[in-house]
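Quick notes on the structure that follows.
The values are calculated or read from the model by the stated rules, or taken from the named source; none is laboratory data. If you're wondering where the values come from, they're calculated on a predicted model, not measured in any experiment. Every residue, glycine as well, gets a Cβ built from its backbone with ideal geometry; the counts of neighbours run over all protein chains shown.
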Amino acid sequence: MIEIRIHGRGGQGNVVAAYLLAGAAFEAGRYGQAFPSFGAERRGAPVTAFVRISATPIRRRCQVRQPAFLIIQDEALLHVPGVLDGLHTGGGILVNSNRTPDELDITTGHELITLPASKLANETLGRPVPNTALLAAFLALTELLPQQALVKALAERFKGDMLERNTRLVERAAGMVPAGRWQEGDHAARA
């Protein structure tokens with residue numbers, strides 16, 4: 001089982017990202033579990049979402065405390081206490097940022113990869129919602145699930161022009177990171 005924790009802010013599509021990733025797992029013939037955790041429901045407030053993906057049924061029902069991977073939808077959250085806690089040795093961090101990992105000037109002890117996801121989304125969708133671009137990049141990095149599974153999960157939410165634009169965004173974002181860099185068996189411990 002692979003566990004992923006997604007950190008973002010209200011309005012960035014954090015919860016939708018978790019459900020899309022779990023839906024992509026289902027589309028690829030695997031089991032997926034997704035659920036959010038947030039306090040006051042307001043735009044801009046920190047939101048955490050959890051995802052588990054497995055080849056067997058998932059019986060665990062607690063929050064993800066020791067993820068194999070982190071997806072951070074707002075680079076400012078890297079400085080919030082607790083965001084990086086519990087990440088497995090060898091785990092990876094994918095951050096929505098226009099800056100390079102070196103420019104972020106943060107030492108995590110884990111590989112950190114950045115992607116200008118909000119910028120890509122704004123150019124492709126007309127809205128700076130980073131979730132789809134980050135998921136596409138995450139799947140390219142891990143090769144955990146095929147990109148087509150994400151497109152199928154998106155098709156459950158979007159139709160017509162919006163689905164076409166999201167599909168273009170998936171292709172664009174996936175091509176901007178090193179494919180297979182965080183392959184499932186090689187990069188991070190399993191739960």
Study note, to complete from the structure: Of (1) at pLDDT 95 or above; (2) surrounded by fewer than 23 Cβ atoms within 10 Å (Cβ to Cβ); (3) out of contact with any Pro (no Cβ under 6 Å at 6 or more places or on another chain), ASN131 satisfies every one except (2)
Practice item. Kindly establish whether ALA34 is modelled with pLDDT of 95 or more, out of contact with any Pro (no Cβ under 7 Å at 6 or more places or on another chain) and hydrophobic (A, V, I, L, M, F, W, C). Key: yes
Review point. Among HIS110, HIS88, which is within 25 Å of SER37 (Cβ to Cβ), in contact with a Gly (Cβ under 6 Å, 6 or more places away or on another chain) and either surrounded by fewer than 22 Cβ atoms within 10 Å (Cβ to Cβ) or among the charged types (D, E, K, R) (or both)?
Key: HIS110
Study note, to complete from the structure: Checked ALA34, ALA55 against criteria (farther than 23 Å from GLU111 by Cβ, aliphatic (A, V, I, L, M) and free of Cβ contacts under 8 Å to residues at least 24 places away in the same chain); the one match is ALA34
**Study point:** Candidate set: segment 47-71, residues that are basic (Lys, Arg), farther than 17 Å from LEU134 by Cα and touching a strand residue (DSSP E or B) at 6+ places or on another chain (Cβ under 9 Å); chosen: the one modelled with the lowest pLDDT
**Key:** ARG61
Point to revise | Some residue of segment 140-151 being without any contact (Cβ under 8 Å) to a residue 40 or more places away in the chain, out of contact with any Phe, Trp or Tyr (no Cβ under 6 Å at 6 or more places or on another chain) and over 24 Å from ALA68 (Cβ atoms) | key: no
Check your understanding: So which residues in segment 98-110 are outside any loop (DSSP other than H, G, I, E, B) and touching a helix residue (DSSP H, G or I) at 6+ places or on another chain (Cβ under 8 Å)?
Key -> LEU104
Point to revise | Selected residue (criterion: farthest from the chain's Cα centre (by Cα)) from residues of segment 49-75 that are surrounded by fewer than 17 Cβ atoms within 10 Å (Cβ to Cβ) and polar (S, T, N, Q) | key: THR56
Study note, to complete from the structure: By residue number, the members of segment 95-130 that are within 12 Å of ALA173 (Cα to Cα) and either aliphatic (A, V, I, L, M) or in contact with a strand residue (DSSP E or B) (Cβ under 8 Å, 6 or more places away or on another chain) (or both) are ASN96, THR114, LEU115, PRO116, ALA117, SER118, LEU120, ALA121, PRO130
